[in-house]
Amino acid sequence: MSIKHFSLQLSVFHGRKVPDEGVIVGYGAIIEAYKLPVPIPQQLAFVSTKKRQSETEEWKVFPSRYLPEENLYKQLIFAFKYEGVNLLVFKKLFEVLETKELENMLQQESLGQYSRRIWFLYEWLTGSILNLPDLKTGNLVPLLDEKIQYAVKGASSPRHKVINNLPGTPQFCPLIRKTEKLESYIQSDIRKQKSTYLDRVHKDVLQRASAYLLLKDSKASFTIEGEKPRSNRAARWGNAIGQAGINPLSIDELNRLQQLVIENDRFTTMGIRKQQGFVGDRERESGEPIPDHISARFEDLDSLMEGLISTKEILVNSEIDPVLAAAKIAFGFVFIHPYVDGNGRLHRYIIHHVLAKMNYSEQGMIFPVSASILSHIKDYNKTLESYSHPVLSHIEWEPSTNNNVVVLNETIDYYRYYDATKQAEFLYDCVHDTLVNIIPNEVDYLRKYDEFKRYVEDTYEMPDDLISLLVRFLEQGNGKLSKRALKKEFIALTELESSDLEMNFNEIFELEE
């Protein structure tokens, strides 16, 4: 392999304006030098000619003294130190590096911690063994730097003297960078706050809130997909969500859940796909696909799903934060898109499953995260696109004869080794919204409803079904009964009584007169 040049003095790099005068280093420089077919990382490293250090969502800027030498090994060391591990870049780099060149590079510092990490990654990612002897000496070093990325406890690899703390398997291992937002959520321990809050709620109110919110979550999940299910179908899916975490996550279980989601399977091929797939639109005249997202090749689904399920088991039995685990598995599932239909609802079910398995939410208890996703649908779509659009430019495809897509290149690694940071941040936003807004608002509503109901029962001896109707009319009228209601359903009320009911309703529900 010829000598590569890594200094990139550019004003614009892949559509991004550089933050200063200086050079792009680390993964960005390696990708460009070797023309690796990978999406540009969400955050790039940049060495400024000035003595300044800063960080934004897109750039990590370092002063000139951080500038690495003009060779692959030093660029990789810089990336390890300041950018963490990018499995996709390493996998594609190993595909273009000659084995002998790699061995020679690693033997320059055979006991160095970065040589050992690179060596381990090569054998872990490729399944091939380098012609290097097992190490006999040296302290164990963790593969992931936990100051930069979230990891699991891991196990040691005696051959490399490395602790493999990667949160996954070679078949499926998305990584998440530590960000200020994620650390703030994790340190605040909103789960404990939720438990303390719910402990103060009467069991009867909690059960009723749970039943309502599970149905609300079910309906929201269908609405996200542009469907409006019949009540019994929504209730059936709500019951499934309430049981999330009870059954092990497996292909058979996912197939069973798909049967619950797809009411009429006359026009849908059920089970794991045996065809290619995409999400998007079609040209009006020709019917040719216009993809926003291309699903994993169906030939790769067995390996990807086996990896996803194995990684889920590793995560739920680890000490990693449950919301991070749910984001990795659930979004990984929807990016793979293993089914012809039902992927979105199963993806959101998996969020419930992982959170329940890791005791973040009690099985059967209220946790309507889909309702929050629906209320933040634009952000949800942006979160999906932040993965799909960069990957799409690296997928070679053409229309098939039946106006599907034919994928022409190997794409499996794009679904195995993505950066799940944005997805984790979005999911934590929704979990936070669920815990501090949606659940308390419903519990508060039920308390007010019960207070108003007691007043009406004690004062007017009105039956339950009529009280329920009365509340609906008052809600629709913003605290006022319509003339139609007073002339029909509530004609028995005097003018004074209707005014009294309106006044008490407004006071209890804290509505303005």
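The values are calculated or read from the model by the stated rules, or taken from the named source; none is laboratory data. Treat the numbers as computed from the prediction; the structure is a model and nothing was measured. Ideal geometry is used to build each Cβ from the backbone, glycine not excepted, and the neighbour counts take in all protein chains shown.
List the pairs whose first member sits in segment 461-478 and is free of Cβ contacts under 8 Å to residues at least 24 places away in the same chain, whose second member is assigned to a helix (DSSP H, G or I) and surrounded by 14 or more Cβ atoms within 10 Å (Cβ to Cβ), and whose Cβ atoms are under 6 Å apart, counting only residues at least 6 apart or on separate chains?
Note: pairs meeting the criteria are Met462/Val456; Ile467/Lys453; Ile467/Val456; Phe473/Ala485.
To keep it simple, each residue is scored yes or no on (1) at positive phi; (2) modelled with pLDDT of 95 or more; (3) not in a loop (DSSP other than H, G, I, E, B).
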| residue | (1), (2), (3) |
| --- | --- |
| Asn139 | no, no, no |
| Gln193 | no, no, yes |
| Tyr197 | no, no, yes |
| Leu206 | no, no, yes |
| Leu215 | no, no, yes |
| Lys219 | no, no, yes |
| Gly226 | yes, no, no |
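Given (1) surrounded by 17 or more Cβ atoms within 10 Å (Cβ to Cβ); (2) touching a residue at least 12 places away in the same chain (Cβ under 8 Å), where does Glu497 come up short, assuming only one miss?
Only one criterion in (1) surrounded by 17 or more Cβ atoms within 10 Å (Cβ to Cβ); (2) touching a residue at least 12 places away in the same chain (Cβ under 8 Å) is unmet by Glu497, namely (1).
Among the listed residues Leu125, Leu144, Leu140, identify the single one that is buried (at least 19 other Cβ atoms within 10 Å of the Cβ), closer than 24 Å to Glu319 by Cβ and of a type in the set (A, V, I, L, M).
One residue alone meets the criteria, Leu144.
Given the condition aromatic (Phe, Trp, Tyr), touching a His at 6+ places or on another chain (Cβ under 8 Å) and outside any loop (DSSP other than H, G, I, E, B), answer yes or no: does some residue in segment 166-173 qualify? I'd like the intermediate steps shown before the answer.
Start the filter on segment 166-173 by keeping residues that are aromatic (Phe, Trp, Tyr), which leaves 172.
When the remaining residues are screened for being touching a His at 6+ places or on another chain (Cβ under 8 Å), the result is none.
Within segment 166-173 (the criterion being aromatic (Phe, Trp, Tyr), touching a His at 6+ places or on another chain (Cβ under 8 Å) and outside any loop (DSSP other than H, G, I, E, B)), the answer is no, since none of the residues qualifies.
If Asp433 satisfies all but one of (1) farther than 30 Å from Pro167 by Cα; (2) of a type in the set (D, E, K, R); (3) not assigned by TED's automatic domain parsing to the domain that holds Gln187, what's the number of the condition it fails?
Checking Asp433 against (1) farther than 30 Å from Pro167 by Cα; (2) of a type in the set (D, E, K, R); (3) not assigned by TED's automatic domain parsing to the domain that holds Gln187, the one that fails is (1).
Go through (1) closer than 28 Å to Trp119 by Cβ; (2) within 28 Å of the chain's Cα centre (by Cα) and name the single condition Ala33 misses.
If we test Ala33 against (1) closer than 28 Å to Trp119 by Cβ; (2) within 28 Å of the chain's Cα centre (by Cα), just (2) comes out false.
Please determine, by comparing only the residues of segment 294-329 that are in a loop (DSSP other than H, G, I, E, B) and among the polar types (S, T, N, Q), which one is farthest from Ser188 (Cα to Cα). Talk me through it step by step, then tell me what you get.
The first filter runs over segment 294-329 and keeps only residues in a loop (DSSP other than H, G, I, E, B), leaving 295-297, 317-321.
The next check asks that each one be among the polar types (S, T, N, Q); those that pass are 295, 317-318.
Working: Ser295: 36, Asn317: 22, Ser318: 20 Å.
Once the filter is applied, the top-ranked residue is Ser295.
Could you tell me whether any residue of segment 169-178 is among the aromatic types (Phe, Trp, Tyr) and touching a Leu at 6+ places or on another chain (Cβ under 7 Å)?
Scanning segment 169-178 turns up at least one residue that is among the aromatic types (Phe, Trp, Tyr) and touching a Leu at 6+ places or on another chain (Cβ under 7 Å).
Looking at Asp217, Asp189, which is the one that is out of contact with any strand residue (DSSP E or B) (no Cβ under 8 Å at 6 or more places or on another chain), without any contact (Cβ under 8 Å) to a residue 24 or more places away in the chain and of a type outside the set (Gly, Ala, Ser)?
Only one candidate qualifies: Asp189.
State whether the residues of segment 412-431 include one that is surrounded by fewer than 21 Cβ atoms within 10 Å (Cβ to Cβ) and of a type in the set (A, V, I, L, M).
So far as segment 412-431 goes, yes, one or more of its residues are surrounded by fewer than 21 Cβ atoms within 10 Å (Cβ to Cβ) and of a type in the set (A, V, I, L, M).
Search segment 160-175 for residues being in contact with a Pro (Cβ under 9 Å, 6 or more places away or on another chain) and not hydrophobic (A, V, I, L, M, F, W, C), and hand back the single one that is surrounded by the fewest Cβ atoms within 10 Å (Cβ to Cβ).
Here is the first cut: in segment 160-175, the residues in contact with a Pro (Cβ under 9 Å, 6 or more places away or on another chain) are 162-165, 167-168, 173-175.
Going one step further and asking which of them are not hydrophobic (A, V, I, L, M, F, W, C), we end up with 164-165, 167-168, 174.
Working: Asn164: 17, Asn165: 19, Pro167: 24, Gly168: 23, Pro174: 27.
This residue is Asn164.
Taking into account only those residues within segment 141-165 that are assigned to a strand (DSSP E or B) and small (Gly, Ala, Ser), which is nearest to Ser310 (Cα to Cα)?
At the first step, the residues of segment 141-165 found to be assigned to a strand (DSSP E or B) are 141-142, 149, 155-157, 162-164.
Checking which are small (Gly, Ala, Ser) leaves us with 155-157.
Working: Ala155: 16, Ser156: 19, Ser157: 19 Å.
This residue is Ala155.
Which members of segment 237-292 meet the condition of being surrounded by fewer than 16 Cβ atoms within 10 Å (Cβ to Cβ) and either in a strand (DSSP E or B) or of a type in the set (Lys, Arg) (or both)?
Scanning segment 237-292 gives Arg256, Arg266, Lys274, Gly280, Asp281, Arg282, Arg284, Ile290, Asp292.
Could you tell me which numbered condition Tyr34 fails, if it satisfies all but one of (1) among the aromatic types (Phe, Trp, Tyr); (2) in contact with a strand residue (DSSP E or B) (Cβ under 8 Å, 6 or more places away or on another chain); (3) over 21 Å from Leu143 (Cα atoms)?
The one condition Tyr34 does not meet is (2).
Given (1) part of a helix (DSSP H, G or I); (2) touching a strand residue (DSSP E or B) at 6+ places or on another chain (Cβ under 8 Å), where does His353 come up short, assuming only one miss?
The single condition His353 does not satisfy is (2).
Considering only segment 471-505, state which residues are in a helix (DSSP H, G or I) and closer than 20 Å to Glu442 by Cβ.
Matches in segment 471-505: Val471, Arg472, Leu474, Glu475, Gln476, Phe505.
Output the qualifying pairs, or none if there are none: Cβ atoms under 8 angstrom, residues six or more apart or on different chains, first residue in segment 90-108 and small (Gly, Ala, Ser), second residue outside any helix (DSSP H, G or I).
Nothing qualifies.
I'd like the full set of residues that are closer than 18 Å to Asn71 by Cα and charged (D, E, K, R), limited to segment 103-147. Don't jump to the end; show me each part of the working.
Taking segment 103-147 first, the residues closer than 18 Å to Asn71 by Cα are 103-110, 112-119.
Glu103, Glu109, Arg116, Arg117 - these are the residues of segment 103-147 that are closer than 18 Å to Asn71 by Cα and charged (D, E, K, R).
How about segment 459-485: which of its residues are of a type in the set (A, V, I, L, M, F, W, C) and either under 42 Å from the mean Cα position of the chain (by Cα) or surrounded by 15 or more Cβ atoms within 10 Å (Cβ to Cβ) (or both)? Step through it out loud before you land on a result.
The first filter runs over segment 459-485 and keeps only residues of a type in the set (A, V, I, L, M, F, W, C), leaving 462, 466-467, 469-471, 473-474, 481, 485.
Once the filter is applied, which keeps residues that are of a type in the set (A, V, I, L, M, F, W, C) and either under 42 Å from the mean Cα position of the chain (by Cα) or surrounded by 15 or more Cβ atoms within 10 Å (Cβ to Cβ) (or both), segment 459-485 yields Met462, Ile467, Leu469, Leu470, Val471, Phe473, Leu474, Leu481, Ala485.
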